[in-house]
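Written out below as structure tokens is the structure these notes cover.
The values are calculated or read from the model by the stated rules, or taken from the named source; none is laboratory data. Note that the coordinates shown come from a computational prediction; the quantities given were computed from them, not determined experimentally. A quick note on method: Cβ atoms are made from the backbone with ideal geometry, for glycine too, and the neighbour counts reach across all protein chains shown. Ligands, DNA and RNA are excluded from the accessible area calculation, which covers all protein heavy atoms including side chains. Shrake-Rupley method; radii C 1.70, N 1.55, O 1.52, S 1.80 Å.
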Protein chains: 4
Amino acid sequence: MTYTVAVSGASGYAGGEMLRLLAAHPDIEIRTVTANSNAGQPLIAHQPHLRSLAHLTLQPTTPEVLAGHDIVVLALPHGQSGQYTDVLADTPLVIDAGADHRLTSREAWDGFYGGEFHDPWTYGVPELPVGTGKQRAQLVGATRIAAPGCNASTVSLSLAPGVAAGVIDPGDIVTVLAVGPSGAGKSLKPHLLGSELIGSANPYAVGGSHRHIPEIRQALVGAGATGDVRISFTPVIVPMARGILATSSAPIRPGVSDGEIRAAWETAYAGETFVQLLPEGQFPRTADVLGANTALMGLAVDRAANRVVVVTAVDNLVKGTAGAAVQSMNIALGLPEDRALTVNGVAP
Amino acid sequence: MTYTVAVSGASGYAGGEMLRLLAAHPDIEIRTVTANSNAGQPLIAHQPHLRSLAHLTLQPTTPEVLAGHDIVVLALPHGQSGQYTDVLADTPLVIDAGADHRLTSREAWDGFYGGEFHDPWTYGVPELPVGTGKQRAQLVGATRIAAPGCNASTVSLSLAPGVAAGVIDPGDIVTVLAVGPSGAGKSLKPHLLGSELIGSANPYAVGGSHRHIPEIRQALVGAGATGDVRISFTPVIVPMARGILATSSAPIRPGVSDGEIRAAWETAYAGETFVQLLPEGQFPRTADVLGANTALMGLAVDRAANRVVVVTAVDNLVKGTAGAAVQSMNIALGLPEDRALTVNGVAP
Amino acid sequence: MTYTVAVSGASGYAGGEMLRLLAAHPDIEIRTVTANSNAGQPLIAHQPHLRSLAHLTLQPTTPEVLAGHDIVVLALPHGQSGQYTDVLADTPLVIDAGADHRLTSREAWDGFYGGEFHDPWTYGVPELPVGTGKQRAQLVGATRIAAPGCNASTVSLSLAPGVAAGVIDPGDIVTVLAVGPSGAGKSLKPHLLGSELIGSANPYAVGGSHRHIPEIRQALVGAGATGDVRISFTPVIVPMARGILATSSAPIRPGVSDGEIRAAWETAYAGETFVQLLPEGQFPRTADVLGANTALMGLAVDRAANRVVVVTAVDNLVKGTAGAAVQSMNIALGLPEDRALTVNGVAP
Amino acid sequence: MTYTVAVSGASGYAGGEMLRLLAAHPDIEIRTVTANSNAGQPLIAHQPHLRSLAHLTLQPTTPEVLAGHDIVVLALPHGQSGQYTDVLADTPLVIDAGADHRLTSREAWDGFYGGEFHDPWTYGVPELPVGTGKQRAQLVGATRIAAPGCNASTVSLSLAPGVAAGVIDPGDIVTVLAVGPSGAGKSLKPHLLGSELIGSANPYAVGGSHRHIPEIRQALVGAGATGDVRISFTPVIVPMARGILATSSAPIRPGVSDGEIRAAWETAYAGETFVQLLPEGQFPRTADVLGANTALMGLAVDRAANRVVVVTAVDNLVKGTAGAAVQSMNIALGLPEDRALTVNGVAP
């Protein structure tokens, strides 16, 4: 069976990456691509790398245009997806690449986003430890999927095994992320110009204001965190178009051995294709996962600092967004989970 | 009076930056430049940007060649400076850009470096809070100066005010640094190739092994830290030739107000030219300090995470190394402290 | 049928890219990977992005290890492939990613390479105009294939249509290429360090010494050039790990119309998947072809300068090297030409 | 004497670089900075690297605000400077960093810019060969100076010596430039976003439409070119914030020896501080001139291609724009020509 798909926000980065992955998916027919101000133009005018989709024209993002597909992907700015909940009621599968359906807590939504609160959808991070299982189980047969925030899922995957196993204390998490600017989207803001970013490291949202913080907290509570979950979160834009390298640490629980710590992560991700723990002493680079759906993770136990340090590399547009969406879609539809996804990065 | 200078390690990055700064110094005559394997070649073959020094030829790094100058700069790999202590006994001022004379603790030296331990020299970070004063006082009239480690001085300057004022707890410091590869020197190692570094973020020395950790601990103890000083330290090489952006945090001491926290840093760096605290809500980029001797610092109080977060940008080769050396030299010689140093960066 | 493959030079960039592509090829079993000094180590220690090949260990590059496969790929430094000609006599298909079997002229070989001259193999650029046909025809059933030089094939593809159609004069070609450093291989040379390349543009082989010049001349003669073929060729390394953007121009023949010029290229590449001429007024970026086997080409007729200007973007490691090899292999084996190759780039 | 200066367009890149250079100039007092939409904000909000100018506030760009200074610098978009000609009639020295006063030919202006034509001012490239002398002579005592286009002056300096000496034929010039995006200004255009530029090479204005072409033609005619001056000009944006690496070539005149060719450039730039010809076989990198007012030039005679190839590196914001302006200003005012300008680049 071939599923028809409409992708909204198709002239942006998240939409473009959805299209790149779906174009290689043998069970998918990309029938419709939509945009707002760019409607009427050829898709390839905005995504010149998508040569195989040169025949598509951007249509306006309206309920009428989106209706009638097996699958609709919403790759819209935060706050814009919610309006489609009702009009797409008959669509078998809807995937939101935005934040509107990620948070279960209205209070968290109000604190970090504001505007209308929408019901949470099934969270699209299959490997995430949830209770004694994994999020994958929730995705089987899901009809409404919320793709994760790229930074959030990276940090959640980094620390959830240790939280679930009780070997680290989620009450004093610190994470600093080197991120590529594509995570900020194709926004015309001065600080995102090439002249500003090339050759420079640029922090933003310092001090607890980043919107992915409640999403991490929610994931870690889901993984079994008890008590306060406190997260110091600092993203730094560095001069690479794509990629996240998250360095996350948390205090070691008293009495826990190095072996127990490592075992928590090994157990959590044993058998996973797309989340891999590197051998002791090895740490990943973002280049290793460029274009791939892989989260590569290195772990160190720093007894002098009394912290477990986890360094995780993902491609923010793949495993962080579109790859997570496709992987979740595959699970939801009963297709092989790795279809149209690669584990090997494009390096150097 | 004009001081004659010899710079060893002149074909490397630290040596080259010393020469760039000293070439603009009206009180300095660069008389001698030395190297090891490159001796006999024109300096400019290895430092093609130093057009004003095109007349200099690299001589071998020997005691005889280095002797007879007013000032000798040792920009040598760690472990190689110590051998010159005796032979340069008559040199009025010796500045070591390497690590050999930084640490006061033989135990720390043995733990992180190994090899012969050498007496500590006066530490070259003038603005660093020391007890109730600053390191500047020690540098007046100094004859042996140890230039700081670039990452170490960045983190020490970031946190020392809060430690000195007792508003943060040095027992659980976490710092993650986005750094340019020039900090690793001109070493022919595969992981430092352009193909490997461009477009990627690359962690190294994860988990507590970086050699700058004891140097930070020493500085914070000097600033007044009591009890354990614990530091989780992770450097990440990012695709910019120069620069350090250090994101450092520490727990807020109980009962301390936001105002008291900010005041600690404001007070510490009030009146300083080269260490500047940005207004609340502002954070620096490394581009802002490229080529300058400036450490720019932004501070956030994150009550949800119970941490003070300090983000500091420096040029690792200037304020992190050669600029710190020249600034310290100016103080030692009684010259204006800012001579030959710029506060404005080269941006964009 | 599944073909077994051995890839030599597997720890280098060209070898690594062959493996990345072949790992996704359904008709190929990667049985053996070899290296020289790195033999005995896991492949993944040198190619950490090739997660699906984590089970492979590098073996020594010897005739015995390479023998017994259906296909052998030689990704060795220039001058080292020739020695395997005899020992691999029984291997059904041998692909050389080096230069040893590219040139048909011993004189050209002696002038630009030197050392022993080897018989030319079938040149691996399927779309290249040759006489009234294309190189593809020669590749059907080929058993010995010389993959092209990345810069050479880029320039040859750029200009061959105009030469074949007689609309441009090959007697005064000028080409300047912005290239990523991965084209220079994983060589430990100071000028290839990240610190040197990041933030800088670096010319090399200026003035007619680059080894790809005779390869271009040979291709253009094959395309029908008469008289002298003169090429001014200047490569400039720029700060992107991969990619070639070649700006090539040649004088317009007298009396030729704009329409005739454009038609030459349109005709030559009509129906080609991997060599595409963009519409008038559009020009490609290297990001558009990252990781893809696509050569994207824009053409301008500059009457004021009396030159046709062709700007072509390729990924030097894919269409420039390994993709060309796989595409040629597919043709030689009678497989679909695009198997395991993508036309869409990874952008942004 | 101290000259008071007003800089308009102070929130942009050209204005910012003027301020960076002037801030270090002992004879200049920066009294006024102006902007349009950013008026009322602190300068440092837009130029966070200019720490020494933290006290300045952007004022509106009006005749009243600009009047009353010894020197006014217009760093405005093309077409906006002309309106100030009359209102600044009493200002002793006006420097235009835009294009409005560069071209002497109304026809060239109409063909490449359009809009109102303004009288040409004295062209600000002191070292440019003009007839049997240099442009420097025109700048002594000048009161109206047109700073050059960055690409134009780079190419003009590259080829003018050979044109003046009659050793190259200006009738078939080809130049391809690797340029940093800061040359395009702080414009909010999608193709200038960091995500688009990082990791990619991006051509623009291909085929003869770039506005610097008539400026080069004018300079070469001034240097003594006879007959048609034809220029194929292609700029390529590469991932470095600053810098131009221009590869320019022209046919060798019949009967000219290699020695005569090299002598033309050696003679032209003998004794020049800021335009330097490298020894035979050496070529410059843009990193070598970062932040410096230096044009570094390498020259090759390619007999096989019958072309002289000149590769020139400049910092587009310094020697290409603001440095040229300051150097010209120094000459106009009778100050030492190199005041506030550096010859050494910031590298690596």
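Return the residues of segment C:220-243 that are closer than 21 Å to C:Ile168 by Cα and open to solvent by less than 10 Å² (accessible area, probe 1.4 Å); say none if nothing qualifies.
Within segment C:220-243, C:Leu220, C:Ala223, C:Ile231, C:Ser232, C:Phe233, C:Thr234 meet the criteria.
Just to be sure, is C:Gly334 open to solvent by 20 Å² or more (accessible area, probe 1.4 Å), in contact (Cβ under 8 Å) with a residue 40 or more places away in the chain, more than 14 Å from chain D (Cβ to nearest Cβ) and at positive phi?
Yes, satisfied.
Take the residues in segment B:60-100 that are among the charged types (D, E, K, R) and open to solvent by less than 70 Å² (accessible area, probe 1.4 Å); name whichever of them is modelled with the lowest pLDDT.
In this case the residue turns out to be B:Asp100.
Looking at C:Gly255, C:Gly281, C:Gly271, C:Gly259 in this structure, which one is within 21 Å of D:Ser232 (Cβ to Cβ), part of a loop (DSSP other than H, G, I, E, B) and more than 10 Å from every other protein chain (Cβ to nearest Cβ)?
Only one candidate passes the filter, namely C:Gly255.
Looking at this structure, is B:Ala165 farther than 17 Å from B:Gly323 by Cα, at pLDDT 95 or above and in contact with a helix residue (DSSP H, G or I) (Cβ under 7 Å, 6 or more places away or on another chain)?
yes
Can you tell me which of B:Val310, B:Val301, B:Val314, B:Val343 is over 14 Å from the mean Cα position of the chain (by Cα), β-branched (Val, Ile, Thr) and more than 10 Å from chain A (Cβ to nearest Cβ)?
Of B:Val310, B:Val301, B:Val314, B:Val343, the one residue that is over 14 Å from the mean Cα position of the chain (by Cα), β-branched (Val, Ile, Thr) and more than 10 Å from chain A (Cβ to nearest Cβ) is B:Val343.
Of all residues being hydroxyl-bearing (Ser, Thr, Tyr) and open to solvent by 20 Å² or more (accessible area, probe 1.4 Å) in segment D:12-59, which is farthest from the other protein chains (Cβ to nearest Cβ)? Just the residue, please.
Taking the candidates together, the pick is D:Thr57.
Mind listing whichever residues of segment B:320-331 are in contact (Cβ under 8 Å) with a residue 24 or more places away in the chain and open to solvent by less than 10 Å² (accessible area, probe 1.4 Å)?
B:Gly320, B:Ala322, B:Gly323, B:Ala324, B:Ala325, B:Val326, B:Gln327, B:Ser328, B:Met329
For B:Pro181, only one of the following conditions fails: (1) within 26 Å of B:Gln135 (Cβ to Cβ); (2) crowded, with 24+ Cβ neighbours inside 10 Å; (3) not charged (D, E, K, R). What is its number?
Single failed check for B:Pro181: (1).
Looking at segment D:101-114, which of the residues that are part of a loop (DSSP other than H, G, I, E, B), out of contact with any strand residue (DSSP E or B) (no Cβ under 8 Å at 6 or more places or on another chain) and touching a residue at least 12 places away in the same chain (Cβ under 8 Å) is most open to solvent (accessible area, probe 1.4 Å)?
Filtering first and then ranking leaves D:Thr104.
Taking segment C:172-186 only, how many residues are more than 9 Å from chain D (Cβ to nearest Cβ) and of a type in the set (Gly, Ala, Ser)?
Of the residues in that region, 4 qualify.
Can you tell me which residues in segment C:157-189 are in a loop (DSSP other than H, G, I, E, B) and of a type in the set (A, V, I, L, M)?
Scanning segment C:157-189 gives C:Ala165, C:Val167, C:Leu188.
Taking segment A:284-298, which residues are more than 7 Å from chain B (Cβ to nearest Cβ) and small (Gly, Ala, Ser)?
A:Gly291, A:Ala292, A:Ala295
Can you confirm whether A:Ser158 is in contact with a helix residue (DSSP H, G or I) (Cβ under 8 Å, 6 or more places away or on another chain) and of a type in the set (Ser, Thr, Tyr)?
No; evaluated as a whole, the condition is false for this residue.
With C:Val308, C:Val289 as the choices, which residue is crowded, with 24+ Cβ neighbours inside 10 Å, within 13 Å of A:Arg51 (Cα to Cα) and at pLDDT 95 or above?
Answer to the check: C:Val289.
(1) over 22 Å from A:Ala313 (Cβ atoms); (2) not assigned by the TED database to the domain that holds A:Gly255; (3) not in a helix (DSSP H, G or I): which one isn't true of A:Val125, the others all being true?
That leaves (1) as the condition not met.
Go through B:Ala250, B:Ala152, B:Ala246 for me and flag whichever is more than 14 Å from chain A (Cβ to nearest Cβ) and open to solvent by less than 10 Å² (accessible area, probe 1.4 Å).
Sole residue among the options that is more than 14 Å from chain A (Cβ to nearest Cβ) and open to solvent by less than 10 Å² (accessible area, probe 1.4 Å): B:Ala152.
Does segment C:311-318 contain any residue that is over 19 Å from A:Arg20 (Cβ atoms) and outside any strand (DSSP E or B)?
Yes, there is a match, as at least one residue in segment C:311-318 is over 19 Å from A:Arg20 (Cβ atoms) and outside any strand (DSSP E or B).
Of all residues in segment C:115-143, count the ones that are crowded, with 20+ Cβ neighbours inside 10 Å and at pLDDT below 95.
Going through segment C:115-143 one residue at a time, the tally reaches 1.
Take B:Glu260 and tell me if it is out of contact with any Cys (no Cβ under 8 Å at 6 or more places or on another chain) and free of Cβ contacts under 8 Å to residues at least 60 places away in the same chain.
no
Look at C:Thr91 and say whether it is more than 26 Å from C:Gly334 (Cα to Cα) and touching a residue at least 24 places away in the same chain (Cβ under 8 Å).
No.
Considering only residues that are assigned to a strand (DSSP E or B) and in contact with a Phe, Trp or Tyr (Cβ under 7 Å, 6 or more places away or on another chain), which ones fall in segment B:67-100?
B:Ile71, B:Leu74, B:Asp96
Looking only at segment B:199-219, count every residue that is open to solvent by 10 Å² or more (accessible area, probe 1.4 Å) and either assigned to a loop (DSSP other than H, G, I, E, B) or at pLDDT below 95 (or both) and tell me the total.
Counting residues in segment B:199-219 that are open to solvent by 10 Å² or more (accessible area, probe 1.4 Å) and either assigned to a loop (DSSP other than H, G, I, E, B) or at pLDDT below 95 (or both) gives 10.
Being of a type in the set (Asp, Glu) and open to solvent by less than 10 Å² (accessible area, probe 1.4 Å): is that true of D:Glu196 here?
Criteria not met by D:Glu196.
In segment B:225-245, is there at least one residue being within 26 Å of B:His212 (Cβ to Cβ), among the small types (Gly, Ala, Ser) and part of a strand (DSSP E or B)?
Looking through segment B:225-245, at least one residue is within 26 Å of B:His212 (Cβ to Cβ), among the small types (Gly, Ala, Ser) and part of a strand (DSSP E or B).
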